[in-house]
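To start, the structure under review is shown below, and the notes come after it.
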Amino acid sequence: MERLILLWETFFGLDAAQQQLVIGTAAAAGGILAYVVHQRRHVKSIPLGEGWWGTGEKPLIEDDKIYPFHVQTSDKEIEDLHERIDRTRYTDPLEDSGFHYGFSSTYLKKVVSYWRHEFDWKSQVVVLNKYPHFKTKIEGLDVHFIHVRPPHRENQKVLPLMLVHGWPGSFYEFYRILPLLTENQDGVVFEVICPSIPGYGFSEAPHKQGFDSLAAARVFLTLMERLGFSQFYLQGGDWGSLITTNMAQMKPQCVKGLHLNMFSSRRGFRVLLSLMIGPYLPFLVGFSREDVHRLFPFFEKNVWGILRETGYMHIQATKPDTAGCGVNDSPVGLAAYILEKFSTWTDLGNRDLADGGLERKFSLDDLLTNVMIYWTTGSIVSSMRFYKENLKSNPEKRLDGKTGIFVPTGLAAFPGELMHCPKSWAQMRYRNIYSYTFMPRGGHFAAFEEPQLLASDLVQFVRKVEEF
């Protein structure tokens, strides 16, 4: 009754034009509801497919053994890095421009000075090797992953969990969250697998065209099967969100739960309707006050704002090899290209700061370690190609884009994420949402930036699924 009264008062508080808009859109919605219901077909899985991404022809038998791997370095590798850094040619920044034109060269010089004279790559290699690394051949590629088991305790239920990174991140993003996930939290403890997407870091790059998120999903499903896991949980952001979603679409019977910190939904009439009504009558379209705050004004936050931050994507989705030549040859160019994202995607307000707010959430050692993973493996170009492979056609017209996700799903909406997706929108694609959380702070690199918040949300989601 209170809602009806609120609806009545809100409606008659609108001016005549707004009232006509609400009446017209409501009538249109009723007129097409039967059509939408009739057209919707629930396809609960998508084909697994097959692929071969190694050099030459696919052999009759592929080695399926798992081999230990150790990150290594050498004096020669470090000397080459230092020589290239010493030859860097800088451009003077515009006055008072902050990070609005990209990475400020004034602050870049400070980062590079630390990199050249204080950063200890050999020590960071030891840090990287604190967890067990492995490689195994899948579809012609050496796939790298770390495998972290929790301390043994009696009567402890251990749940398998795969964490998948995105761009320009790496498996190292998860090093701060791993201790939280492998220690018992309210009866929940995980055995964690963190793979490197093929073409990223220590995973071999595909040698053939077409390696997209579906191929990565299939490779990672094979990895989990090879490790002996028939059921497991998944967590991802950025490309990791799409890859883990595809894994849940391919083998929903294997995925006990899917937790994402970046997610989107389909576009269409329902979204358009909610954008028209949402600012005035948010509860009619399932919006909360926080949704309204994060979404509107829509064009400023979700159209112009996205255009300002996605120039890199258009380059990488069209001609990645061209732009890649420069950043693969210059360590300073690579650092600027990658670290600018860790500034802006953490908080758009960082663009106003002379130092990009880079060290507010991250240490230079952690940031440069991630850069070094790309530099020492020469994988920046192959990582950029992943955009080309996934955006050759409209993603919404791919089979996975038209197929719902039916496994238990937990969604963590961080306020600093580039785009906000309300629960009412997410439900159009993720049909079995167990939890949807408005996170109090944090941006795109959730595990790296706010490990405690992400771990807590993941644990509470898993507890719901497991019915603890």
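Remarks
- Using the average count of surrounding beta-carbon atoms within 10 Å as a protection proxy, the listed peptides 381-393, 356-368 rank, highest first, as 381-393, 356-368.
- For Glu191, distant residues with modelled amide H under 5 Å away: Leu159, Leu161
- Computed accessible area, Arg463, all protein chains, 1.4 angstrom probe, square angstrom: 70 Å²
- Computed from the C-beta positions of Asp92 and Lys122, the FRET efficiency with R₀ = 41 Å rounds to 0.75.
- Highest average first, the peptides 335-348, 296-309, 230-243 ordered by how many other beta carbon atoms sit within 10 Å of their residues are 230-243, 335-348, 296-309.
- Here the extension length gained between Ser363 and Glu62 equals 104.2 nm, from 0.36 nm per residue of separation less the Cα-Cα distance.
- Annotation for Ala354 and Glu300: the two label points, set 7 Å from Cα along the Cα-Cβ direction, are 2.8 nm apart.
- Apportionment of accessible area to carbon and sulfur, the chain, percent (1.4 Å): 54 percent
- Beta bridge orientation in the chain: antiparallel %, DSSP, nearest 5: 40 percent
- When the helices of the chain are scored as -39500 (n - 2.57) per DSSP H run of n ≥ 4 and the total is divided over every residue, the value at 222 nm lands at -12500 deg cm²/dmol.
- Cross-link reach is defined here as a Cα-Cα straight distance under 26 Å, omitting same-chain residues fewer than 8 places apart; for Lys135 the lysines meeting it are Lys58, Lys65, Lys76, Lys122, Lys208, Lys251, Lys256, Lys388.
- Comparing Cα centroids, region 373-398 and region 429-468 end up 26 angstrom apart.
- Local electrostatic count at Thr136 - Lys and Arg +1, Asp and Glu -1, tallied over other residues with Cβ under 12 Å: -3
- Sequence-distant contacts, meaning Cα pairs under 8 Å at least 6 residues apart, place the relative contact order of region 66-466 at 21 percent.
- Segment Arg267-Arg84, extension gain: residue separation times 0.36 nm, minus the distance between their alpha carbons: 61.2 nm
- Accessible surface, region 366-464, averaged per residue in Å² (probe 1.4 Å): 31 Å²
The values are calculated or read from the model by the stated rules, or taken from the named source; none is laboratory data. Since the model is a prediction, treat every value here as computed from it, not as a measurement. Here Cβ is always computed from backbone atoms with ideal geometry, including for glycine, and neighbour counts include all displayed protein chains. The accessibility values were calculated without ligands, DNA or RNA, using every heavy atom of the protein model including side chains. Shrake-Rupley method; radii C 1.70, N 1.55, O 1.52, S 1.80 Å.
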